[in-house]
1. Once you wrap a convex hull around the alpha carbon atoms of segment 156-308, what is its projected area averaged over all directions, in nm²?
2. Please compute the length gained on full extension between Ser159 and Ser95, using 0.36 nm multiplied by the number of residues separating them and subtracting their Cα-Cα distance.
3. For a Förster distance of 41 Å, can you work out the FRET efficiency between the beta-carbons of Thr248 and His131, rounded to the nearest 0.05?
4. Compute for segment 117-205: radius of gyration divided by Kirkwood radius, i.e. Rg/Rh, restricted to C-alpha atoms, rounded to two decimals.
5. Take Asn237 and Ser122, extend 7 Å from each Cα along the Cα→Cβ direction, and tell me the distance between the two endpoints in nm.
6. Taking amide H atoms as placed 1.01 Å from N in the peptide plane, list the residues 5 or more away in sequence, or in a different chain, whose amide H sits under 5 Å from that of Thr215.
7. Tally Lys/Arg at +1 and Asp/Glu at -1 over every other residue whose Cβ is under 13 Å from the Cβ of Glu86; what's the total?
8. Arranged from highest to lowest average of other beta-carbon atoms within 10 Å per residue, in what order do the peptides 174-186, 258-270, 74-86 appear?
Amino acid sequence: MMNILFPLPNRIPTVLLGMLFSVATLLPPSKSAAQCQAYIMIDGMAASPTGLPLPIWLHEGQTISMNAAVSLISALEFTLNGTALEFSQALSITSLQTVPTGKVWKIESVIKLPMNGTVVSSAAYNTAGTHTFTVPVCTNYICIEAWGAGGGGGGGAGSTQNAGGGGGGGYGAGCYTVTPGSSISVVVGAGGTAGASGGGTGGNGGSSSVGSLITATGGNGATVTGGTGGASSAPINTTGGNGGNGGTGSCNAGGGGVGANGGNGGTPGCNTGGTGGTPGGGGGGGNVNGGTPYNGGKGGVGAVKITW
């Protein structure tokens, strides 16, 4: 293949003699840059691509990299051939790179990712347990919705005593300042356990939380009396519904409390209490039907939604 030679500009040979293609005079003295601003790093110095006059020439041994807001850097590689440059290859740089010995790089363009704010994104967590949310690049604040889990319905007792329904989980919402790239623990509360037949108490619903930013508590489990609803620490706080109380006779249990801005409470039916709806519905109370007591219903799981 034919080699293509490019004569060096008049100013280049002087720089070559000093072995320096320096862009230090074009870069700010600080190595830091705005968190959400796309920037490249040349020899450890940061600069916004919009503030640099392209193309940029780099000599052997110099380094170039970028932050996460830059997709790639396009460059042409040349081999030094006396006072001319011999084209070698086109480069797509996506990580820290060093100009090889005997080579010269011509930085042609910097491709930036879209700035945050042009598209709204969200992450939803609906499975009980602990999860991790990593704050995306260029995200300085997030908005959170959290639903506590529903409490479990109580179990029917004896031959006539129906049980109450579990309380609904609380709801909270708010927006908070965060640091891009940081990891935040997300906890989704588990639904309260169902009260066993024979008068068992329903379990309390678990709290849902995002780090120390927001917590929404679960509804309380029921006995004969319905459980009370959960609440939240957030600027917007809605309390979950209370479960209904159990009565005597046949098929007279209390329904589960409604999850705040969430799932319906479990129905008592005439046998086992219904499971609370998600997110955060309280479990229905266990009935006594024909003298036979039944279990209560389990509370609905909580949830967390993060929008940025």
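1. Value for segment 156-308: 7.6 nm².
2. Here the segment from Ser159 to Ser95 would lengthen by 15.8 nm.
3. About 0.40, to the nearest 0.05.
4. In segment 117-205, Rg relative to Rh is 1.21.
5. According to this spin-label approximation, the distance is 2.4 nm.
6. Those qualifying (amide H under 5 Å, at least 5 residues apart or on another chain) are Ser233, Ala234.
7. Net charge around Glu86: +1.
8. Ranked by mean Cβ neighbours within 10 Å, highest first: 258-270, 74-86, 174-186.
The values are calculated or read from the model by the stated rules, or taken from the named source; none is laboratory data. The model shown is predicted, which means the values in this text are computed figures rather than measured ones. As a convention, Cβ positions derive from the backbone with ideal geometry for all residues, glycine included, and neighbour counts pool all protein chains shown. These accessible areas exclude ligands, DNA and RNA; they are computed on the full protein's heavy atoms, side chains included. Shrake-Rupley method; radii C 1.70, N 1.55, O 1.52, S 1.80 Å.
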